[in-house]
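> Submitted below is the structure of interest, expressed as structure tokens.
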Amino acid sequence: MLKKYDFDDIDDRYDNFKRSNLGEEIDKLQRIVQRLKIPVLILVDGWESSGKGDIINDLTRELDPRYVKVELFDSRSDVDYLHPSVWRFWQKLPSHEEVVVFDQSFYSQVMNKDERSSDKLKQRTEELLNLEHMLLDDGTIVIKFFLHIKEKTQSKNIEALEDSKFRQFLLSDNDYKQNKNYEEYLEWFDKVLKKTDVPESPWNIINAEDRKLAAKTVLGITLEEITSGIERVTLARERADKSDRNYYLEDTQLDEFDLSKTISDKEYDKELETLQKEAADLVYECYTKDIAIITAFEGVDAAGKGGAIQRLTRHIDPRSYTIHGIKAPTDLENSYHYLWRFWTKFPKDGDMAIFDRSWYGRVLVERIEGFASESEWERAYDEINHTEKVLTDHGSIVMKFFMYIDEDEQKERFEDRQEEPDKNYKITEDDWRNRSQWDEYIAAYEEMLDRTHTANAPWYIVATNQKKFARIEVLKLFINHIKEHLSELPES
């Protein structure tokens, strides 16, 4: 893409247009995508000192500033390093009514020379491509630009910036590194661009030797790609309920699962506090080793998720964990990719997050109630597996508990909640309605357990017909999982 690039082959399709007129046309499209709730993400990458700031200024000047944001991604901050590498990009993604421009995109970190010798390079590239595909599948228009200049031009631009009063902001060590090792970087950029070029959002290589013409070219291509993107997203939405679904589960788990397991009151009292203190000690050890813990609880209504969480955290320092009770998404959360509200809650290294219901709502309640189309919840299995792999590849611990009771036990607990005034708040009409869809939920649970149980982020099915047994079982599974993770760490 870059190695054979001909700077003399000038793209002058938009040379006769004024930048302001092109910008005004993009502004019209901005209002259309806002009305259609189509997010637009524009990635502006390229050589240092190639004029990215000037191009972005021209790109956004005519747009409604209330619905356009420019996000600068240079070197990662200390906080960024406490999360997976894609975490900081999830925080800045566009909502369904926004145009967001990334000055240096998520691909810039694999273009950076310092990343080249990393043994995680392939892993990070895959993570970033998966992020892009998730956004595209969700209906985001993604437009990618790489500003290309000659070695001599970069050198002249650096010299000009050295005299600027904004020198400290505009120049970094990376500008000089790239110019000094131009051919080396050229070859590397070429490899990265080829590897991350996808049909739905190809890289647009922009000749930035002439910045005015480059700006016009970027504006013109943006017009074209937003127009074609609107058509692509609109067509995809029309076909959303037409999925090429081909799933068959041969062996079910829940039908044969033993729910009769119990523990005596004496054994419960004997084991509980000892296990709670051991769990607290392990959480503290993870804190000292900068290991994040992510625990998700799913299960049948009234299966005892809250009670299990309460016993699990009894002796854990409350400053080290956060419990997220996940309800129906808010209007704000619904204006983003469904995983956005969880990426904003995942803990930093050393902290712990407990999810009372989780991202699995996509393949459970959203599937059953029709809040997500078949194609949306069908692709969610892969999206969730990928997300959990990103977390565990970073070094986080991810474990998931499925709390399971039978239909008769659930009915008894529902009736108990209705009869006791101090438990009335726990029962709603939705609970009874969900109960009437028992078979549909069991089928969804079975598929979830089958398709998202992985070695790195396993499901633990917990028999909860007896609450005390379930609480002890969760503690034991939690302890064993963390112990196993710690035992596999390399010796320091």
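> Given the criterion closer than 30 Å to L93 by Cα, part of a strand (DSSP E or B) and touching a Leu at 6+ places or on another chain (Cβ under 7 Å), identify the matching residue among I294, I323.
On the way: I323 fails: touching a Leu at 6+ places or on another chain (Cβ under 7 Å).
The conditions single out I294.
> Within region 381-424, can you find the residues that are part of a strand (DSSP E or B) and out of contact with any Gly (no Cβ under 9 Å at 6 or more places or on another chain)?
I397, V398, M399, K400, listed by residue number.
> Scan region 197-224 residue by residue and report those that are out of contact with any strand residue (DSSP E or B) (no Cβ under 7 Å at 6 or more places or on another chain), at pLDDT 95 or above and over 23 Å from D8 (Cβ atoms).
If the condition is that a residue be out of contact with any strand residue (DSSP E or B) (no Cβ under 7 Å at 6 or more places or on another chain), at pLDDT 95 or above and over 23 Å from D8 (Cβ atoms), then L223, E224 are the ones that fit.
> Here is a follow-up. If I ask for residues that are part of a helix (DSSP H, G or I), basic (K, R) and either touching a His at 6+ places or on another chain (Cβ under 8 Å) or loosely packed, with under 15 Cβ neighbours inside 10 Å (or both), which ones from region 156-185 would you list?
Initial filter on region 156-185 (part of a helix (DSSP H, G or I)): 156-162, 167-170, 173-180, 182-185.
When the remaining residues are screened for being basic (K, R), the result is 156, 167, 177, 180.
Of everything in region 156-185, those that are part of a helix (DSSP H, G or I), basic (K, R) and either touching a His at 6+ places or on another chain (Cβ under 8 Å) or loosely packed, with under 15 Cβ neighbours inside 10 Å (or both) turn out to be K156, R167, K180.
> If you don't mind, another one. Would you check which residues across region 447-492 are of a type in the set (G, A, S) and either without any contact (Cβ under 8 Å) to a residue 40 or more places away in the chain or in a helix (DSSP H, G or I) (or both) and list them? Show your work before the answer.
Filtering region 447-492 down to residues of a type in the set (G, A, S) leaves 455, 457, 463, 470, 487, 492.
Within region 447-492, A455, A470, S487, S492 meet the criteria.
> Sticking with this one: Mind listing whichever residues of region 225-268 are of a type in the set (D, E, K, R) and surrounded by 12 or more Cβ atoms within 10 Å (Cβ to Cβ)? Even if it seems obvious, please write down each step before you answer.
Taking region 225-268 and keeping what is of a type in the set (D, E, K, R), we get 225, 231-232, 237-239, 241-242, 244-245, 250-251, 255-256, 258, 261, 265-267.
Selection gives E225, R232, R237, K261, E267.
> Considering T313, T322, T330, T252, which residue is of a type in the set (V, I, T), in the same structural domain as K483 (by TED's automatic domain parsing) and within 29 Å of W432 (Cα to Cα)?
T330
> When region 307-320 is examined, which residues are found to be charged (D, E, K, R) and either surrounded by 17 or more Cβ atoms within 10 Å (Cβ to Cβ) or in a loop (DSSP other than H, G, I, E, B) (or both)? I'd like the intermediate steps shown before the answer.
Narrowing region 307-320 to residues charged (D, E, K, R): 311, 314, 317, 319.
Scanning region 307-320 gives R311, R314, D317.
> Among the numbered conditions (1) touching a residue at least 24 places away in the same chain (Cβ under 8 Å); (2) within 24 Å of R471 (Cα to Cα), tell me where K270 comes up short.
Every listed condition holds for K270 apart from (1).
> Would region 188-204 turn up any residue that is buried (at least 18 other Cβ atoms within 10 Å of the Cβ), assigned to a helix (DSSP H, G or I) and out of contact with any Phe, Trp or Tyr (no Cβ under 9 Å at 6 or more places or on another chain)?
yes
> Tell me the residue from I56, I32, I42 that is among the aliphatic types (A, V, I, L, M), surrounded by fewer than 18 Cβ atoms within 10 Å (Cβ to Cβ) and at pLDDT 95 or above, please. Step through it out loud before you land on a result.
Working: I56 fails: surrounded by fewer than 18 Cβ atoms within 10 Å (Cβ to Cβ); I42 fails: surrounded by fewer than 18 Cβ atoms within 10 Å (Cβ to Cβ).
Step by step, each of I56, I32, I42 is checked, and only I32 is among the aliphatic types (A, V, I, L, M), surrounded by fewer than 18 Cβ atoms within 10 Å (Cβ to Cβ) and at pLDDT 95 or above.
> Would you pick out the residues in region 289-325 that are at positive phi and modelled with pLDDT of 95 or more? Before the answer, list the steps.
So in region 289-325, the residues at positive phi come out as 290, 299, 302, 304.
Selection gives D290, G299, G304.
> Name the single residue, out of those in region 269-291 being among the β-branched types (V, I, T) and either surrounded by fewer than 14 Cβ atoms within 10 Å (Cβ to Cβ) or part of a helix (DSSP H, G or I) (or both), that is farthest from the chain's Cα centre (by Cα).
T274
> Related question: Tell me which residues, restricted to region 238-268, are in contact with a helix residue (DSSP H, G or I) (Cβ under 9 Å, 6 or more places away or on another chain) and either hydroxyl-bearing (S, T, Y) or not in a loop (DSSP other than H, G, I, E, B) (or both).
Here is the first cut: in region 238-268, the ones in contact with a helix residue (DSSP H, G or I) (Cβ under 9 Å, 6 or more places away or on another chain) are 239-245, 247, 249, 251-255, 259, 261-265, 267-268.
Result: S243, Y247, T252, T262, S264, D265, E267, Y268.
> Let me ask something additional. I'm told T222 meets every condition in (1) free of Cβ contacts under 8 Å to residues at least 40 places away in the same chain; (2) crowded, with 17+ Cβ neighbours inside 10 Å except one. Can you identify the failing condition by its number?
(1)
> Oh, and also: Out of all the residues in region 373-380, is one or more in a helix (DSSP H, G or I) and among the hydrophobic types (A, V, I, L, M, F, W, C)? Before you say what the answer is, go through the steps one by one.
Our first condition is that a residue be in a helix (DSSP H, G or I); within region 373-380, this holds for 374-380.
Now narrow it down to the ones that are among the hydrophobic types (A, V, I, L, M, F, W, C): 377, 380.
Yes.
The values are calculated or read from the model by the stated rules, or taken from the named source; none is laboratory data. What you see is a predicted model, and the numbers here were worked out from it, not measured in a lab. We place every Cβ from the backbone using ideal geometry, glycine too, and count neighbours over all the protein chains shown.
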